[in-house]
Amino acid sequence: MERKYDILIQKGLVVSGSGIRKADVAIKGEKIVRVEPGIKREEAGRIIDASGKYVMPGVIDVHVHPVYEDDMGGLSLTAAHGGVTTLIHFAYAKPGMKLIDTIKKYQEEGSRKSFLDFGIHGSLFDPASQIEEIPKAFELGISSFKMFMAYAKLKWMTDDYHLAAAMDLIAECGGMAMVHAENGLVTDYLEDRSLKRGEDQKTVFLKTRPDYLEAEAIFRAMSIAAVTHCPLYIVHLSTARGVVPLQQARAEGQTIYVETCPQYLTMTDAKLQKLGPLAKIGPPLRTEKDRLALWKAIQQGIIDTVASDHAPKAKKMDDPFFESPYGSPQTETMFTVTYDEGVNKGRITPTRCVQLFSENPAKIFGLYPKKGTIQKDADADLILFDPKKTHTIQHQTQHSGAPYTLYEGRRCKGKLVLVMQRGKILIEDGEGKGRPGEGKFLPTKIKKVKL
């Protein structure tokens with residue numbers, strides 16, 4: 001007889017942004033068709049026993065860079081092993097490159113190589129010559145655009161004039177600006193002064209990128225966004241001081257969303273002093289005070305999303321520190337280490353985890369309720385997570401092309417046992433079952449949402 005469902009996930013604890021309940025999840029084709037207790041086993045082709053496990057929406061990682069050791073194929077594979085089922089990539093339009101050409105290249109590469117569904121952010125390294133392309137990007141399904149307030153020496157920094165011009169046009173088109181918020185000119189001055197003094201750049205790395213400069217840039221970006229009526233997304237918040245202007249913006253009702261990353265929630269500058277170039281990221285790993293303040297900001301609802309900033313570089317510990325590039329591999333370990341540091345230490349609940357990793361990203365970028373939730377008619381993107389199973393993170397079991405992980409030897413309680421995208425099992429008990437090119441491009445649409 002014909003089965004009503006292709007897959008039935010039974011006896012699990014279904015986690016949503018509003019709570020946890022015991023229910024079965026029935027899947028037909030690419031969609032979830034029922035979520036309720038007591039669905040009959042004989043109605044399904046395959047039964048998956050989720051007893052004692054959380055059934056959660058797949059993770060949506062909205063901050064990844066497929067331009068280093070992992071291309072869109074490799075990045076999507078390593079992300080899938082971390083419970084990610086949807087990615088939003090930054091399309092790097094470097095100085096001299098056309099934004100539209102870059103977006104089309106990413107769309108084509110993703111269609112050929114990606115294991116996961118994916119969206120794209122426009123990344124403007126040269127807004128003066130790229131701003132005029134913004135309206136055309138919307139026609140291609142792109143509605144979010146990142147600019148750097150840092151990296152002046154590299155000629156990547158957007159000045160305030162062009163930040164305002166870009167935000168004005170983005171707002172007019174119905175999109176959202178994203179900013180890397182650090183004062184680039186002052187940072188470069190502090191670094192140049194330190195170099196003249198002959199200081200060890202690893203030792204003073206945090207001092208040349210102080211918390212004041214993140215807070216100042218956040219306030220400046222907020223101010224420009226306010227006068228241009230542009231929704232704003234702050235990427236990788238890293239400091240306690242940066243939280244202060246964001247509290248003000250929230251109190252005033254400004255449309256502003258805030259992201260942090262697992263590395264800022266689990267590590268400090270002590271890791272950089274130990275691992276040197278491997279832990280060189282921007283913004284830098286901060287102090288214990290900053291780390292704890294970010295957890296508090298998550299508890300208070302000031303931080304909306306956690307994303308990886310996955311930027312895998314071929315670095316070694318004995319590389320010259322100053323010449324080493326920024327970035328580290330993060331997407332595969334992101335969910336597990338944040339869960340371990342957050343839920344297992346009593347800082348957040350599994351429900352808050354789902355909000356940060358799935359529901360809020362889906363809502364902000366217009367993918368909800370197709371993505372980010374376990375409910376009828378949603379895509380069958382989900383993970384099974386065993387909260388009692390422990391495992392140790394090792395580079396040799398990771399799937400990124402980067403030659404290391406910053407979490408080497410970290411023992412975590414809680415492990416992914418299954419990852420599913422649109423009804424197809426991608427990962428089961430650590431074994432990959434997906435294929436490149438199965439991911440679909442997802443147009444994004446920015447909506448003002450209450451999170």
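Quick one: Cα centre-to-centre distance for region 172-241 and region 408-451, in angstrom?
31
Would you list, by chain and number, the aspartates and glutamates whose Cα falls below 16 Å from the Cα of K316, excluding same-chain residues fewer than 8 positions away?
Cross-link targets: E69, E408.
Report the relative contact order of region 58-364, percent, no decimals, based on alpha-carbon pairs under 8 angstrom and at least 6 residues apart.
Numbers: 602 pairs, mean separation 54.6, N = 307.
Worked out over region 58-364, it gives 18 percent.
Along the positive direction of the dipole of region 58-364 (beta-carbon charges: Lys, Arg +1; Asp, Glu -1; about the Cα centre), which of M167, H65, S114 reaches farthest?
Working it through, the farthest residue towards the positive pole turns out to be H65.
Could you let me know the centre-to-centre spacing of region 306-320 and region 262-280, using Cα atoms, in angstrom?
10
Between [x] 202; [y] 156; [z] 126, which matches volume of the Cα convex hull per residue in Å³ calculated for the structure shown?
For volume of the Cα convex hull per residue in Å³, the calculated option is [z].
Structure shown: which of K4/K445; K155/K445; K146/K313; K136/K376 lie over 23 Å apart, alpha-carbon to alpha-carbon? Working shown, then result.
On the way: K4/K445 34 Å; K155/K445 30 Å; K146/K313 21 Å; K136/K376 34 Å.
In this structure, K4/K445; K155/K445; K136/K376 exceed 23 Å between Cα atoms.
Which aspartates and glutamates, on any chain, are close to K371 with Cα under 13 Å apart, when same-chain ones fewer than 8 places away are left out?
Correct list for K371: E30, D61, D117, E359, D379, D381.
Determine ³J(HN,Hα), in whole Hz, for all residues of region 195-204 in sequence, where each value follows from phi through the Karplus function 6.51 cos²θ - 1.76 cosθ + 1.60 and θ = phi - 60°; x replaces Gly and Pro.
For region 195-204, the Karplus curve yields 5, 5, 7, x, 6, 5, 5, 5, 4, 9 Hz.
Of the trypsin sites (Lys or Arg not before Pro) in region 147-208, which ones lie in a loop per DSSP and count no more than 14 other C-beta atoms within 10 Å? Let's see the in-between values first.
Numbers: sites: K153, K155, R193, K196, R197, K202, K207; in loops: K153, K155, K202, K207.
Hits after loop and neighbour filter: K153, K155, K207.
For region 256-403, what is the per residue volume of the convex hull drawn over the alpha-carbon atoms, in cubic angstrom?
Values: hull volume 20.3 nm³, N = 148.
Value for region 256-403: 137 Å³ per residue.
For the chain, take the longest principal axis of its alpha carbons; what is the angle in degrees between that and the long axis of helix 160-173, to the nearest 10 within 0 to 90?
30
Which order do the peptides 66-72, 232-238 take when ranked by the mean count of other beta-carbon atoms within 10 Å per residue, highest first?
Working: 66-72: 21.3, 232-238: 24.6.
The packing order, highest mean first, is 232-238, 66-72.
Within straight cross-link reach of K345, meaning Cα distance under 19 Å, which lysines are found once same-chain residues fewer than 8 apart are removed?
Within reach: K53, K289, K296, K388, K389, K413, K415.
Can you list the HN-Hα couplings for region 27-33, worked out from phi with the Karplus curve (6.51, -1.76, 1.60; θ = phi - 60°), rounded to whole Hz and with x for Gly and Pro?
Each residue's phi maps through the Karplus curve to give 10, 10, x, 9, 10, 7, 10 Hz.
We did not get these values from a lab; they are worked out from the coordinates using the rules stated. Worth saying up front: this structure is predicted, and the values here are computed from it rather than measured. Glycine gets a Cβ as well: all are built from the backbone with ideal geometry, and neighbour counts include every protein chain shown.
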